[in-house]
Structure formats: C-alpha cells, structure tokens
1. Of the cross-linked pairs B:LYS268/B:LYS437; B:LYS159/B:LYS269; B:LYS159/B:LYS374; B:LYS269/B:LYS437; B:LYS143/B:LYS374, which ones have a Cα-Cα span greater than 28 Å in the structure shown?
2. Multiplying the sequence separation of B:LEU83 and B:ARG357 by 0.36 nm and subtracting their Cα-Cα distance, what value in nm do you get?
3. Pairing rule first: another cysteine's C-beta must sit under 4.7 Å. Under that rule, which cysteines of chain B stay single?
4. Check each of the trypsin sites (Lys or Arg not before Pro) in segment B:308-394 and keep only those in coil by DSSP with at most 10 other C-beta atoms within 10 angstrom; list them in order.
5. Per-residue counts of other Cβ atoms within 10 Å, averaged by peptide: what ranking do you get for B:181-190, B:116-125, B:400-409, highest first?
6. Determine, from the Cβ-Cβ distance of B:ALA75 and A:GLU102 and an R0 of 56 Å, the FRET efficiency 1/(1 + (r/R0)^6), rounded to the nearest 0.05.
7. Given the DSSP H assignment, sum -39500 (n - 2.57) over each helix run of at least 4 residues in chain B and divide by its residue total; what's the result at 222 nm in deg cm²/dmol, nearest 500?
8. So if a site counts as exposed when it's one of the GluC sites (Glu not before Pro), its DSSP state isn't H, G, I, E or B, and it has at most 10 other Cβ atoms within 10 Å, what's the longest stretch of chain B without one?
Amino acid sequence: MTLRIRLIALLAAAMLLAACTGSTDAPARAVESYLQALARKDADRLAQLSCADWADDAQQALDSFAAVDVTLRDVSCRTSAVEDDIASVSCTGALAATYQGEVRELDLSKQVFEVVNQSGDWLVCSND
Amino acid sequence: MTLLNILVFCAAAILLGLLRQDRWRHWLILALSVAAIYWMQPLMPIRQLDFWLPTAAILLTLGTWVVLQTGRDDARASIRAALPALALIAALVLGIAALRYLGDACCLTPSPPPPLLPVVIALLLAVIVTGVIFVLPIRGVYKMTLLILLLIALLVVLKTPRLSEAASVWLRTLTQQPTGQAAALDIRWLGISYVFFRLVHALRDRQSGLLPALPLQHFAGYVLFFPTYTAGPIDRAERFLKDASREFTLTWPVLYAGGQRIVLGLFKKFVLADLLAVVALDAIKAAQVESTLWTWLMVYAYACRLYLDFSGLSDIAIGLGRLMGFTIPENFTAPYRKSDLTAFWNSWHITLAMWFRAYYFNAVSRALRASRFKFPMALIIAFSQITTMILIGMWHGNTWNFIIWGAWHGVGLFVHNRWATAMKPRARELDARPRLKAALSLLGVLLTFHYVVLGWVWFALPTPALSLTVLQRLFGLS
C-alpha cells in the first residue's frame with residue numbers, strides 16, 4: 001500500500017470516527033450559544049440559532065438590548081427533558097443589562113428554553 | 001482579513017518558505033489556501049452559508065479548470081494527473097465539514113458546517129455536472145463563453161440589492177428560516193469578486209490561446225491563494241505559474257523585505273486607517289454634520305482612510321507572497337500625487353484597472369474602430385472610457401451611487417484625454433519652461449486629488465440625494 005493511499009485511508013478513518021462521535025448535551029450548548037449571541041448583540045448568529053417561529057422574537061429581544069451593555073453572569077445550561085426532536089433546557093446564572101452604571105439582572109433560572117432539532121441542528125424555539 | 005488571520009498566515013508563510021522541498025510547498029499552499037477561505041468567511045444570518053459559499057468557490061474553480069482542458073490534446077491525461085489534487089481538495093472539504101462532529105473543538109467556519117451527507121452529495125453532483133460539461137459535444141470556446149456569462153450573472157445577482165435579496169429569500173426557504181427577514185446584505189461571499197477576475201482572465205486567455213497548460217494544483221493554488229484571496233492584487237495565472245515553478249529558499253534578506261512590507265501594511269490598515277475611520281465620511285456623519293469645514297475634513301479623512309486601508313491590505317498580501325517566493329504585482333504607487341486622472345488610474349488599484357483594460361476597454365475600442373460605421377475617434381474613446389469606469393463602479397455594487405462614481409471618473413478620463421491631445425503640440429514649449437511646467441504639474445496634482453476626493457462622496461454614501469447634499473455643503477450651497 002503506497003504512502004498516499006495510507007494517508008487517505010487514515011484521513012477517512014478519522015472522519016468516520018469524528019462522524020460517529022456523539023456530541024455532549026447539544027441542546028444546552030445551543031442555548032448557551034444563543035445567550036452569548038444575545039450578549040454580544042450578534043444578530044447573524046442569533047438568526048442562525050433561532051427556529052423560524054422564534055426568529056422575530058429573538059430579533060425583538062436583541063432590539064430591546066440595543067441601548068444597554070449586556071453580559072452573562074455564571075451562565076450554565078443543561079437539558080432537562082428530551083422527546084424526539086424537542087428538548088427543554090434550563091439554565092442557571094443571569095443576563096446582566098447595564099445602562100448608565102445601573103445594572104439590571106435577568107434571572108435565567110426562571111426560564112425554560114424549548115429547543116428543536118432541525119436537520120441535525122438544535123435551534124431555540126421559545127423561552128417560557 | 002482580521003489581525004488574527006494575518007498573524008497566523010505570517011507564521012504559515014514563514015514555515016512554508018523554509019520548506020526545502022518545493023514540491024511539498026505547493027501542495028501545502030493549496031491545502032492552506034483551501035482551509036483559509038473557510039476560516040476567513042464571515043458569519044451570515046443564513047444557516048451554513050459560511051460553509052457552502054467557500055465550497056462553491058472551490059467547485060467553480062475546479063469546474064473552470066476542467067473547462068479550460070477542453071480542446072487540449074492531452075486533456076484526459078491532464079485530468080488523470082489532477083486526481084491527487086482533486087483528492088486532496090475533496091478530503092479537505094469533507095474534513096472541514098466533519099469538524100461539525102467534534103463538539104467543542106468545532107469549527108473552522110464561524111458556525112457548525114452541514115452534516116456530511118449533503119456535502120458528499122454536493123461533491124458528487126459537482127463531479128457529474130463537470131463531467132457532463134466536459135464530454136458535451138460543444139466546442140470548447142463556446143463552453144468557456146457560457147461559463148464566463150454564468151460568472152457574470154452570478155456577480156450581477158450578488159451586486160444588485162434586489163436580486164441579492166431575492167437570492168436570500170430563496171436560500172432562507174431552503175434552510176427553513178423566515179423569508180420576511182431577508183436582506184440584500186445577507187449573502188456576504190468573501191473574495192468572490194476576485195475569484196471572478198481570476199477565472200474570467202484564465203478563460204479569456206485560454207480562448208485567445210495565451211494561457212499555458214496549468215496543472216490543477218497550480219491553478220487552484222492561483223485562484224484560491226490565501227494572501228490575495230480577499231482583496232487582491234489580481235495576479236495573472238501565467239505569472240503565478242512562473243513563481244510556482246521557480247526554486248525558492250527563504251533567506252534573511254527575503255524575510256526582512258517581506259516582513260517589512262507586512263508590518264507597513266498592518267500599520268496602514270490597523271492603526272492609521274482605523275484611526276481615520278472615527279472622522280471619515282459615512283452616511284451617519286453626512287446626515288448629522290452641517291459645517292462646511294467639518295464636511296471637507298470628513299471627506300479628506302475618507303480619501304486617506306480608503307487609500308490606507310486598501311493599500312495596507314495589498315502590502316500585507318505582497319509581503320506574505322514574498323515569504324513564500326511569490327512576487328505579487330504592486331497595486332498602489334502614490335496615486336494621490338499624480339498630476340492627471342489617467343496617471344491616477346495607472347497607480348490606484350493597478351491590477352483592477354489592468355484587468356478591465358485587457359478584457360473590456362481594449363476589446364470594445366478595437367471592435368468600435370473596426371466597425372462598419374466609422375465612428376469618430378473621440379466618440380470611441382469617450383464610450384470606451386465611460387463604460388469601463390461605469391463597469392468598475394458596478395463591480396463595487398450595482399447601485400446608482402457606484403454608477404455615478406464610475407461615470408464621474410469616465411468623464412474625467414475623457415476630458416483629460418482631450419486635454420492631453422490638445423496640449424501635445426505644446427509639449428516642447430513647456431519643456432523649455434521648467435518653472436511653468438512644475439507649477440502646472442502642481443496644479444494638476446491638486447486638481448486631480450480634489451476631483452478624486454469629490455468622486456469619493458458618491459462612493460462613500462448610499463444614496464444620490466445624500467451625496468448631492470454633501471457636495472452642496474462642501475461648496476457652501478446648502
């Protein structure tokens with residue numbers, strides 16, 4: 001077997017291994033990415049992480065933070081329930097909005113995020 | 001390119017330059033370039049587009065290369081010889097897609113790539129379509145013309161706001177995202193304008209019999225070359241091949257020269273240009289500032305900022321190329337010190353002007369001169385110059401402001417052409433009066449600079465109405 005063929009075989013094996021690797025708590029990671037996008041005011045990433053029905057609400061949430069500085073405080077999320085392609089994710093920590101030195105915290109533990117699996121991607125679909 | 005991109009490219013360029021085996025260097029340049037275009041592609045609101053656009057650029061490049069082989073006696077042998085390069089590129093694309101499955105270690109692209117299956121299907125479809133095009137019993141020159149038209153159509157869609165928005169609507173339908181949020185700027189395809197220039201140059205030169213045989217790894221390396229991918233300079237394939245075929249060793253003088261150029265570019269772009277951005281003209285400041293003096297300062301700042309930003313990027317690209325043994329052509333040679341508009345356009349974005357001259361201006365003026373209708377020479381020159389500059393404007397964006405900017409320069413070039421023709425009989429007279437000549441030259445520099453600066457008002461602002469308001473304010477007329 002030539003070196004070239006061995007290298008290609010090794011690369012293919014590595015890719016297969018990668019494809020078979022399960023991701024750990026993907027719904028929770030999606031919500032964390034969503035919250036980070038909100039804090040960074042990254043409209044593009046927020047759009048990518050929202051399902052179609054939630055996109056307008058996500059944009060509204062972003063608009064509501066337009067005039068303030070937003071940071072995440074000790075945010076950590078985990079999936080509390082999964083049924084088929086729908087997962088419920090709860091988070092601890094807070095979203096801190098600062099305006100002219102005044103800080104207002106939004107306690108994330110009071111919200112439950114509904115996350116939907118769409119073609120392999122977990123997307124935020126609502127938060128109650 | 002971000003600062004992080006540039007720093008990593010510098011390190012990679014130095015390591016590549018140190019490689020003693022030229023053969024391995026070119027393979028690594030190709031691999032690095034493929035990875036780089038995914039890394040540099042910015043995030044967009046449309047899901048996974050940051051993976052598909054670089055993939056499309058690669059597939060366009062590969063498809064173009066196959067079309068370039070049509071009509072060659074050794075076409076099939078060339079394609080067989082290209083299999084290792086094809087395999088490398090396919091492996092890289094699939095490898096980058098597979099990063100999706102690495103959890104926290106993902107990704108080279110700003111967002112997780114699509115699942116592997118659609119990527120495999122896309123690559124197979126591309127192979128089938130390219131194969132069908134290759135074997136189609138149509139003359140190669142027609143296939144190349146069709147491909148050029150397809151590339152032009154693609155660019156028109158991307159540069160025309162309404163069409164780009166419609167494309168965004170279509171893509172959002174595919175990704176099940178709300179179409180109501182579609183916008184013209186959703187599709188930000190990094191480097192596609194420059195990919196267009198390189199592919200069309202190769203196709204046109206092949207049609208004219210000027211393009212030498214290019215192995216795939218060199219052609220793909222030329223089109224996707226990471227230092228010049230995002231903002232040029234626009235190199236020529238034959239020139240790139242010459243450098244790629246030369247033996248190269250990175251020595252201390254070359255490292256110094258390349259490094260110096262990179263540092264200069266970094267300083268111009270990330271220090272000077274970014275500082276000037278605070279006061280440079282833009283739509284918000286244009287609407288808020290009412291003072292004539294401040295408007296002039298904003299316009300001057302914009303002119304300087306644009307030059308520093310763009311020439312800085314060219315310096316970085318040229319420096320990076322130097323470290324790997326490539327002599328990338330110069331793009332700016334003190335354009336604001338030129339005493340006429342023709343000289344300005346021979347020194348501002350030189351490679352762009354040369355491209356349009358070679359593939360549009362010369363062809364159009366030649367066709368008009370050879371026409372049955374005996375057009376007056378002045379009309380031929382006016383038409384050729386004005387339409388060339390309008391096309392350059394539209395390349396920046398298919399909006400009225402860019403069209404007006406292009407016409408502004410086209411008319412200016414024609415006026416200078418007529419002036420230069422009228423002054424030719426008096427040239428010797430002027431040579432005998434050096435002081436007058438120097439004074440006229442200085443006046444020329446000031447006039448040319450301000451003509452260009454006023455043109456930037458159209459370039460910088462989004463609407464003709466706002467541009468007119470600013471121009472009026474500059475002359476105290478508002």
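1. Violating the 28 Å Cα-Cα cut-off are B:LYS268/B:LYS437; B:LYS159/B:LYS374; B:LYS269/B:LYS437; B:LYS143/B:LYS374.
2. 95.1 nm
3. B:CYS10, B:CYS304
4. B:ARG372, B:LYS374
5. Taking the mean over residues of other Cβ atoms within 10 Å, the ranking is B:400-409, B:181-190, B:116-125.
6. That pair, B:ALA75 with A:GLU102, gives E of 0.20.
7. Working: 22 runs with 327 residues, N = 478.
Counting only the DSSP helices, I get -22500 deg cm²/dmol.
8. Answer from the scan: B:1-246.
The numbers here are math on the coordinates, done by the rules we state, and not lab data. Owing to the predicted nature of the structure, the values given are computational and were not obtained by experimental measurement. Positions of Cβ are generated from backbone atoms using ideal geometry, with glycine treated the same way; all protein chains shown enter the neighbour counts.
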